[in-house]
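The values are calculated or read from the model by the stated rules, or taken from the named source; none is laboratory data. Every value quoted in this text rests on a predicted model; they were computed, and no experiment measured them. Every residue, glycine as well, gets a Cβ built from its backbone with ideal geometry; the counts of neighbours run over all protein chains shown. Only protein heavy atoms, including side chains, enter the accessible area calculation; ligands, DNA and RNA are left aside. Shrake-Rupley method; radii C 1.70, N 1.55, O 1.52, S 1.80 Å.
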Amino acid sequence: MIVLGIETSCDDTAAAVVDGGRLRSSVVASQLDHEAFGGVVPELASRAHERVLLPTIQRALDEAGIQRTDLDGIAVTQGPGLIGSLIVGVSLAKTLALGLDIPVVGVHHLDGHIESLFLGDATPAFPLLVLIVSGGHTQLVHMTSAVERSLMGRTRDDAAGEAFDKVAKMIGLGWPGGPVIDRLAQGGHPAHHHFTRTRLPGFDFSFSGIKTGVLYHLNDMDVEARKTYLEDHTADLCASFQEAVVDMLVEPLERAMVATGTTRVGLVGGVSANRRLRERISGLVEAHGGTFHVPDFRFCMDNAAMIALSGWKRLEAGHASTLDLVAHPSLPFA
């Protein structure tokens, strides 16, 4: 079965082809217009998807060496995400499916991120703990099989990636902030300033407090003092903030490993590209005698390869959607 995957949940337009469970092509068209606004502008994102989605799909087909008529199914991100962006992808997916007389299946964006662990050759076995960390999501999932899972923890407020972006904006690093903080933190001292770690009962997360902690730390200085401080200590501030966020991600994960007896851990989502987070989780898992799985860097960010593979598995199992499929910006994940 050859499946086309379409991903338009936010600002990246992506298409990919999976053939028999193997990735044949993966194309991502990133939008740069949002940098001037310090974040994604939904209207700009949806209009950009309208312009580039068809050419992106055609490029994915060309790289896979197939025609549209060779497709056996289409997988598309149904949600969650920006409603305008999702509508563009879902509408085109249904149109293509109807015109080609092939099935279409809606995929949850987070299921796609989990599936990114299975795009390489070294795929994890079960049971498996998966930490999903991105700009919009922070969740901890326990999987006992490919189809059986339970949501152990989630963020109560901001996602970790959102905290990275907002703190980067506070200190004038631009958007997206996560990669910049990651890079600068390599030259900073994580013990420069101690930010309070928020720890909740169970396995939930909270990142609004760390964001506020950085704000208060900067507001304790007058304008000139803050300017001098950032000139001298931006790298240290980045390292201290990053270490606090990583602590707040790793601590519930370790407790979940102990509670479930699971030592296989997967890390997915855009923030999974963060070097310090990878290093800390890798060390944690090694200390417990387990195995650590993380996607290739190109599959950490939003992509259609993960959607195509997730959709391929669903279609192979006979789980197609109807043409009543609609975009769902707050699609539940259970």
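Summary of computed values
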item: Residue-wise HN-Hα coupling along the stretch 281-294, computed from phi with Karplus coefficients 6.51, -1.76, 1.60 (Hz; x: Gly, Pro); result: 5, 4, x, 4, 5, 4, 5, 8, x, x, 10, 10, 10, 9
item: Shape call, the stretch 154-199: gyration tensor on alpha carbons, a/c limit 1.5; result: oblate
item: Dipole-positive endmost among M152, L92, A14 within the chain (Cβ charges, Cα centre); result: M152
item: Solvent-accessible area per residue for the chain (1.4 angstrom probe, square angstrom); result: 43 Å²
item: Separation of the S30 and L98 label points, Cα + 7 Å toward Cβ, nm; result: 3.5 nm
item: Per-residue ³J(HN,Hα) for the stretch 172-177, Karplus 6.51 cos²θ - 1.76 cosθ + 1.60, θ = phi - 60°, Hz, x for Gly and Pro; result: x, 9, x, 10, x, x
item: Cα-based equivalent ellipsoid of the stretch 1-140: semi-axis lengths in Å, sorted from largest, via gyration tensor; result: 23, 22, 13
item: Cβ charges +1 (Lys, Arg) and -1 (Asp, Glu), total dipole of the stretch 151-191, debye; result: 20 debye
item: Net charge dipole size for the chain [Lys, Arg +1 and Asp, Glu -1 on Cβ; Debye, nearest 20]; result: 400 debye
item: Karplus-derived HN-Hα couplings along the stretch 63-77 (A = 6.51, B = -1.76, C = 1.60, θ = phi - 60°), whole Hz, x at Gly and Pro; result: 5, 7, x, 10, 9, 4, 5, 7, 6, 9, x, 10, 10, 9, 5
item: For the stretch 46-121, fraction of C-alpha pairs farther apart than 17 Å, in %; result: 53 percent
item: Selection from V258, F241, L218, by position along the positive dipole direction of the stretch 195-271 (Cβ); result: V258
item: The stretch 269-321 versus the stretch 225-241: alpha-carbon centroid distance in Å; result: 33 Å
item: Which of S26, H189, M143, positive extreme of dipole for the chain (C-beta unit charges); result: M143
item: The chain: angle of helix 208-219 to the longest principal axis, Cα-based, in degrees nearest 10; result: 40 degrees
item: Rh by Kirkwood over Cα pairs, then Stokes-Einstein D for the stretch 211-267 at 0.692 mPa s and 37 °C, µm²/s; result: 239 µm²/s
item: Gyration tensor (alpha-carbon) shape descriptor, the stretch 126-281, a/c threshold 1.5; result: prolate
item: The chain: angle of helix 305-316 to the longest principal axis, Cα-based, in degrees nearest 10; result: 40 degrees
item: For the stretch 106-189, projected area of the alpha-carbon convex hull averaged over all directions, nm²; result: 7.7 nm²
item: In degrees, nearest ten, helix 223-260 long axis to first principal axis of the chain (Cα); result: 60 degrees
item: Centre separation in Å (Cα based) which lies between the stretch 133-170 and the stretch 40-97; result: 25 Å
item: Size descriptor, Kirkwood hydrodynamic radius, that averages inverse alpha-carbon separations across the chain, Å; result: 20.5 Å
item: Difference of contour (0.36 nm per residue) and Cα-Cα distance, F297 to S282; result: 3.8 nm
item: Cα-centre dipole for the stretch 143-241 with unit charges at Cβ (Lys and Arg positive, Asp and Glu negative), debye to 20; result: 300 debye
item: Potential extension, S208-R255 segment - 0.36 nm per residue separation minus Cα distance; result: 14.8 nm
item: DSSP-defined beta bridges in the chain - what % are antiparallel, rounded to 5; result: 60 percent
item: Global geometry of the stretch 230-315, whether rounded, prolate or oblate, following the gyration tensor of its Cα atoms and the 1.5 cut on a/c; result: oblate
item: Calculated diffusion of the stretch 96-147, Stokes-Einstein form, Kirkwood radius summed over Cα pairs, 37 °C and 0.692 mPa s, µm²/s; result: 250 µm²/s
item: Mean Cα-pair separation over length for the chain, i.e. relative contact order, pairs under 8 Å, 6 or more apart, %; result: 26 percent
item: Residue-averaged 222 nm ellipticity for the chain, from DSSP H runs of 4+ at -39500 (n - 2.57), nearest 500; result: -14000 deg cm²/dmol
item: Contact order relative to length of the stretch 69-164, as percent, for alpha carbon pairs under 8 angstrom and 6 or more apart; result: 20 percent
